[in-house]
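Structure first, then comments.
Every read-out reported here was derived from the displayed coordinates using simple, explicitly stated rules and does not represent laboratory data. If you're wondering where the values come from, they're calculated on a predicted model, not measured in any experiment. As a convention, Cβ positions derive from the backbone with ideal geometry for all residues, glycine included, and neighbour counts pool all protein chains shown.
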Amino acid sequence: MPIGRGSATPAPAPPTMAFGLDGLPPLFARGADRLQCATDNWRKEMKDFNSIICGNSLEILKGVETGQIDLAITDPPYGVRYKDRTGRSVRNDDDLNAVLPVFAELYRAMRPNSFCISFYGWNRVDEFMRAWKDAGFTVAGHIVWTKDYSSRTGVVKYHHEQAYVLAKGRPQRPARPIADVQPWTRTGNRAHPTEKAVESLQPLIRAFSKRGDLVCDPFSGSGSTSVAAALSGRRYLGIELEEGYCAHARQRLAGVGRYLQTRTSKIAA
């Protein structure tokens, strides 16, 4: 089964196109013009990273050299058959066998002594924890984001999101550790049924990586992790199964490129 993230009925993707970002600092000039959604040349796209790749996360990660990824942040399908209020679902959310094997390949591709931050579903945490530990990760921390609204109601009302901080090896503690309880920024899930806000992800990127590092999200969805990475001066690699979400992420990152180019021009003026 293909491995990735997206809804069962993604929006149609526009034709493949490249966005030139001449004039940006070297961090972005090395590859941000290769945001096309083409599975037949993804290895070429990944040469300098700063890419959104459409396809099977497990297979694509096999093309990443060992030790290339400095930080992973991801929100995989939880295996809960989730549907939002409009009926949208998440691809592969009905079978964790199509999701959990990705973590072993991700572990291999990460550099020694680095962090992976993974959101998860509390009612399948035993399966996630087994997969993380089997891959080689150890638990280094846990983060909760509190919501001022209920996203769902069961036995209790759900007012939070959560993620484990996982370690490969023994990474150094962040210079400025963040609190393990964070505020949540609501997205309205306009682009994706489980969309995460850039504002919620940037503190993670800034705490657990440094400028120029490569941040990977193997379940990229609408591209929020890559956007947060680019805005924080990091390189990015987003992998997503659905063409529609790849196209959306590409458009968002093209906007980031224009914003950064404008900002750089103003500073230079």
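Can you list residues from other chains, or at least 5 along the same chain, whose modelled amide H is less than 5 Å from the amide H of Ile239?
Amide H neighbours of Ile239, under 5 Å, 5+ apart: Ile53, Asp217, Phe219, Ser220.
Cα extents of region 53-245 along the three principal axes, largest first, in whole Å?
Per principal axis, max minus min of the Cα coordinates gives 40, 35, 31 Å.
Label Thr146 and Lys210 with points 7 Å out from Cα along Cα→Cβ: what is the distance between them in nm?
Between Thr146 and Lys210, the simple spin-label model gives 3.4 nm.
In whole Hz and in residue order, list the ³J(HN,Hα) couplings for region 199-213 that follow from phi through the Karplus curve 6.51 cos²θ - 1.76 cosθ + 1.60, θ = phi - 60°; x for Gly and Pro.
Calculated HN-Hα couplings, in order: 5, 7, 9, 4, x, 5, 5, 6, 7, 10, 8, 10, 4, x, 5 Hz.
Compute the length gained on full extension between Thr138 and Glu199: take 0.36 nm times their separation in residues and subtract their Cα-Cα distance, giving the result in nm to one decimal.
On the way: separation 61, 0.36 × 61 = 21.96 nm, distance 2.65 nm.
Extra length available between Thr138 and Glu199 comes to 19.3 nm.
Over the residues of region 220-269, compute the C-alpha Rg and express it relative to 2.2 N^0.38 Å. Can you show the working numbers first?
Details: Rg = 12.0 Å, N = 50, 2.2 N^0.38 = 9.7 Å.
Taking N as the residue count of region 220-269, the ratio is 1.24.
If you take every residue apart from Ile143 with its C-beta less than 10 Å away from the C-beta of Ile143, what net charge results, scoring Lys and Arg +1 and Asp and Glu -1? Walk me through the intermediate numbers first.
Values: positive: none; negative: Glu161, Asp180.
The answer is -2.
Taking square-rooted eigenvalues a ≥ b ≥ c of the alpha carbon gyration tensor, is region 113-190 rounded, prolate or oblate, where a/c under 1.5 means rounded and, failing that, a/b exceeding b/c means prolate? Each step should come with its number before you reach the end.
Working: a/c = 2.69, a/b = 1.48, b/c = 1.81.
Here region 113-190 falls in the oblate category.
Peptides 241-249, 125-133: what's the order by average Cβ count within 10 Å, highest mean first?
Working: 241-249: 25.0, 125-133: 15.6.
Descending packing order for the listed peptides: 241-249, 125-133.
Extending each Cα 7 Å along its Cβ direction at Val125 and Asp94, get the distance between those two points in nm, one decimal.
Taking the two extended label points, one gets 2.8 nm.
For Val155 and Arg176 in the same chain, what is the full-extension length gain: residue separation times 0.36 nm, less their Cα-Cα distance, in nm? Don't skip to the answer; put the middle values down first.
On the way: separation 21, 0.36 × 21 = 7.56 nm, distance 3.70 nm.
Full extension of this stretch gives 3.9 nm more.
Quick one: which residues, 5+ away or cross-chain, put their amide H under 5 Å from the amide H of Met110? H built at 1.01 Å from N.
Gly67, Ile69
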